[in-house]
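Participant: To start, I am sharing the structure in question, which I have written as structure tokens.
The values are calculated or read from the model by the stated rules, or taken from the named source; none is laboratory data. No experiment lies behind these values; they were computed from the predicted model shown. So basically every Cβ, Gly included, is an ideal-geometry build from the backbone, and we count neighbours across all protein chains shown. Surface accessibility is based on the protein's heavy atoms, side chains included, excluding ligands, DNA and RNA. Shrake-Rupley method; radii C 1.70, N 1.55, O 1.52, S 1.80 Å.
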Number of protein chains: 2
Amino acid sequence: MQERQKEVYGTKRKGKNGVSRKAFQDFYPDELSWCYGCGRLNEHGLRIKSYWDGEESVATYPPESYHTAIPGYVYGGLIASLIDCHGTGTAAAAVYRVEGREMGSQPLLRFVTASLHVDYLHPVRLGVLLEVRGNVKEIRGRKVVVSARVIVEGEICARGEVVAVRMPEDMKPEGMV
Amino acid sequence: MQERQKEVYGTKRKGKNGVSRKAFQDFYPDELSWCYGCGRLNEHGLRIKSYWDGEESVATYPPESYHTAIPGYVYGGLIASLIDCHGTGTAAAAVYRVEGREMGSQPLLRFVTASLHVDYLHPVRLGVLLEVRGNVKEIRGRKVVVSARVIVEGEICARGEVVAVRMPEDMKPEGMV
């Protein structure tokens, strides 16, 4: 997917010095990297990758030809999935940042989705790169609220909001510290 | 997918007389049957199928092993996709029903999603069948609001709402009447 994104859309993400950066999701430990939306180890999945761009977080995604709704248009469930995983990734990154800690440091921060909302403003044509931008609206206790907008060729096509909460202890995979 | 569902979960849906019934989505014309969520012609997709069960609509779906979030749990984006496509399918079926028309009759009814909301109440373990139930809350003009709940082994694990609108004319695939 990453190679395809680079080839087809020319957007493999690099930092200001031209060196490839690690995404939020690249800091998740292996045991928590199987998510269909953003797990780097899930070969069937979307492998969404999110980064900081100043105060905003950003992820780009090139839909596959079969991610269709009405023919020619991008499937809305894909857009919801992008907002979802970008939101939980942004939540983790934001709390690390607020706490002044390196991403991936212990105690580990991993968020799950409590609620997801998407307003579809315009149909999105297949064949273009989707950009998802997130803003942290609120951090309170175990909860982080992230608003998101999906942008295609400069136009906002969808707006969304994710309420993310710290992963409950009893969801931790067995054997994980 | 349908055969797998039958084999693994024993739930291929039949009517009261034991004869397999057509799903809402089976009435969509071929040109509009490529949706990743519910298009019967999209071999990469989920092929969700929705039916009436009295005043409610119902769809069941057996997640694949790779539809994971945190390992062992179902991906929330999949649940959002099920609610989405079940909602638009229910919207079409509901308007046909209100108008006293056969499903699939002209003028054709096909809905797209204007907004989607999901509240995730409990994490859902992989390996069980998801049931999505829809209720029509409102039909007004070109808009239908469908509430949904996702049930696993008798427990409501998610609640959602879809605001569906009639597909705009300019989204119709070329050549379609």
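Participant: Taking B:Trp34 as meeting all but one of (1) open to solvent by 10 Å² or more (accessible area, probe 1.4 Å); (2) more than 9 Å from chain A (Cβ to nearest Cβ); (3) hydrophobic (A, V, I, L, M, F, W, C), write down the number of the exception.
Facilitator: Failing condition for B:Trp34: (2).
Participant: Considering only residues that are under 30 Å from A:Arg125 (Cα atoms) and open to solvent by 10 Å² or more (accessible area, probe 1.4 Å), which ones fall in segment B:118-128?
Facilitator: Here is the first cut: in segment B:118-128, the ones under 30 Å from A:Arg125 (Cα atoms) are B:118-120.
B:Asp119, B:Tyr120 - these are the residues of segment B:118-128 that are under 30 Å from A:Arg125 (Cα atoms) and open to solvent by 10 Å² or more (accessible area, probe 1.4 Å).
Participant: Report the residue count in segment A:34-65 for those that are over 13 Å from the mean Cα position of the chain (by Cα) and without any contact (Cβ under 8 Å) to a residue 24 or more places away in the chain.
Facilitator: Final tally of qualifying residues: 7.
Participant: Continuing with this model, one more query. Let me confirm something: among A:Glu7, A:Glu3, A:Glu64, which residue is modelled with pLDDT of 95 or more and open to solvent by 10 Å² or more (accessible area, probe 1.4 Å)?
Facilitator: On the way: A:Glu7 fails: modelled with pLDDT of 95 or more; A:Glu3 fails: modelled with pLDDT of 95 or more.
Only one candidate qualifies: A:Glu64.
Participant: Looking at A:Val118, A:Val124, A:Val112, A:Val145, which one is touching a residue at least 24 places away in the same chain (Cβ under 8 Å), farther than 17 Å from B:Tyr75 by Cβ and of a type in the set (A, V, I, L, M)?
Facilitator: On the way: A:Val118 fails: farther than 17 Å from B:Tyr75 by Cβ; A:Val112 fails: farther than 17 Å from B:Tyr75 by Cβ; A:Val145 fails: touching a residue at least 24 places away in the same chain (Cβ under 8 Å).
Just a single option satisfies the conditions, and that option is A:Val124.
Participant: Shifting gears a bit: What do you reckon, is A:Ala164 in contact (Cβ under 8 Å) with a residue 24 or more places away in the chain and in contact with a helix residue (DSSP H, G or I) (Cβ under 9 Å, 6 or more places away or on another chain)? First the steps, then the outcome.
Facilitator: Numbers: in contact (Cβ under 8 Å) with a residue 24 or more places away in the chain: yes; in contact with a helix residue (DSSP H, G or I) (Cβ under 9 Å, 6 or more places away or on another chain): yes.
Yes; evaluated as a whole, the condition is true for this residue.
Participant: If you don't mind, another one. Applying the selection to segment A:67-97, what residues are buried (at least 20 other Cβ atoms within 10 Å of the Cβ), more than 17 Å from A:Tyr120 (Cα to Cα) and of a type in the set (A, V, I, L, M, F, W, C)?
Facilitator: Passing the criteria: A:Cys85, A:Ala91, A:Ala92, A:Ala93, A:Ala94.
Participant: Still on this model: Could you tell me which numbered condition A:Thr113 fails, if it satisfies all but one of (1) over 23 Å from A:Arg140 (Cβ atoms); (2) open to solvent by 20 Å² or more (accessible area, probe 1.4 Å); (3) at pLDDT 95 or above; (4) in contact with a strand residue (DSSP E or B) (Cβ under 7 Å, 6 or more places away or on another chain)?
Facilitator: Of everything listed in (1) over 23 Å from A:Arg140 (Cβ atoms); (2) open to solvent by 20 Å² or more (accessible area, probe 1.4 Å); (3) at pLDDT 95 or above; (4) in contact with a strand residue (DSSP E or B) (Cβ under 7 Å, 6 or more places away or on another chain), A:Thr113 misses just condition (1).
Participant: Moving to a separate point now. With (1) open to solvent by 80 Å² or more (accessible area, probe 1.4 Å); (2) under 21 Å from B:Ala93 (Cβ atoms) as the list, and B:Glu131 as the residue in question, which single condition is left unmet?
Facilitator: (1)
To keep it simple, each residue is scored yes or no on (1) within 18 Å of B:Asp84 (Cβ to Cβ); (2) open to solvent by less than 60 Å² (accessible area, probe 1.4 Å).
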position	(1), (2)
B:Arg140	no, no
B:Ser147	yes, yes
B:Cys157	yes, yes
B:Val162	yes, yes
B:Arg166	yes, no
B:Asp170	no, no
B:Gly175	no, no
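Participant: Hey, another quick one. Please specify each residue of segment B:118-154 satisfying the condition of being of a type in the set (D, E, K, R) and either within 23 Å of B:Val165 (Cβ to Cβ) or in contact with a Lys or Arg (Cβ under 8 Å, 6 or more places away or on another chain) (or both).
Facilitator: Keep residues of segment B:118-154 that are of a type in the set (D, E, K, R), which gives B:119, B:125, B:131, B:133, B:137-138, B:140, B:142-143, B:149, B:153.
Those that are of a type in the set (D, E, K, R) and either within 23 Å of B:Val165 (Cβ to Cβ) or in contact with a Lys or Arg (Cβ under 8 Å, 6 or more places away or on another chain) (or both): B:Asp119, B:Arg133, B:Lys137, B:Glu138, B:Arg140, B:Arg142, B:Lys143, B:Arg149.
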